[in-house]
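One structure is given here, and the rest of the page talks about it.
Where a number appears in this text, it was derived from the coordinates with a stated rule and is not lab data. A quick note: this is a predicted structure, and the numbers were derived from the prediction, not measured. Note: ideal-geometry Cβ built from the backbone for every residue, glycine included; neighbour counts use all protein chains shown.
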Amino acid sequence: MKILLSWIGRQDILSAVNEKEAAIATAVKEIQPDRTILLNNFAPSEIGNFLKYIWMITENRAAVRQISLTTPTRHEEIYPSVLKIVEETHSAYPEAELFSISVRALLPCTQYGF
């Protein structure tokens, strides 16, 4: 099983408006994950077009995990949130191969061998 875990980025949102590929859309097409988990710190209303686009290009429905951050660069908020999601994912799918786009934000994955 392949799982793609990534933050939704501003460029992903902007590109989806014109049905153009940004990082996540490209990864979904290339990797063809069985499950996609998207971390989101934008307002849910901002990602609607992006989700419609992702759901249009993939067979699996991407799961969105809403994460509340005071700023998108506060690592003391980011890392615990990501670590919790990585641990939950690893526990639910221990044999899964995990792919991520944003290596810096997903550093906790390395302790699980992802």
Trypsin sites (Lys or Arg not before Pro), restricted to the stretch 1-103: which are DSSP loop and have at most 15 other Cβ atoms within 10 Å? Lys20, Arg61, Arg74
Given R₀ = 30 Å, FRET efficiency for Asp34-Thr71 by Cβ-Cβ distance, to 0.05? 0.35
When the charge dipole of the chain is computed with +1 at the Cβ of Lys and Arg and -1 at the Cβ of Asp and Glu, the Cα pointing farthest to the positive end, of Ser68, Tyr93, Trp55, is that of Ser68
Work through the residues other than Phe99 whose Cβ is under 13 Å from its Cβ and net out their charges, Lys, Arg +1 and Asp, Glu -1. 0
In deg cm²/dmol, rounded to the nearest 500, the helical mean residue ellipticity at 222 nm of the chain, built from -39500 (n - 2.57) for every DSSP H run of length 4 or more, is -12000 deg cm²/dmol
Distance from the Cα centre of the stretch 74-94 to that of the stretch 31-47, in angstrom? 15 Å
If exposed GluC sites (Glu not before Pro) are those in a DSSP loop with at most 11 other Cβ within 10 Å, what is the longest stretch of the chain that has none? 1-58
Treating only the Cβ of Lys, Arg, Asp and Glu as charged (+1, +1, -1, -1), what charge dipole size does the chain show about its Cα centre? Round to the nearest 20 debye. 200 debye
Calculated on alpha-carbon atoms, Rg and Dmax of the chain in Å: 13.4, 38
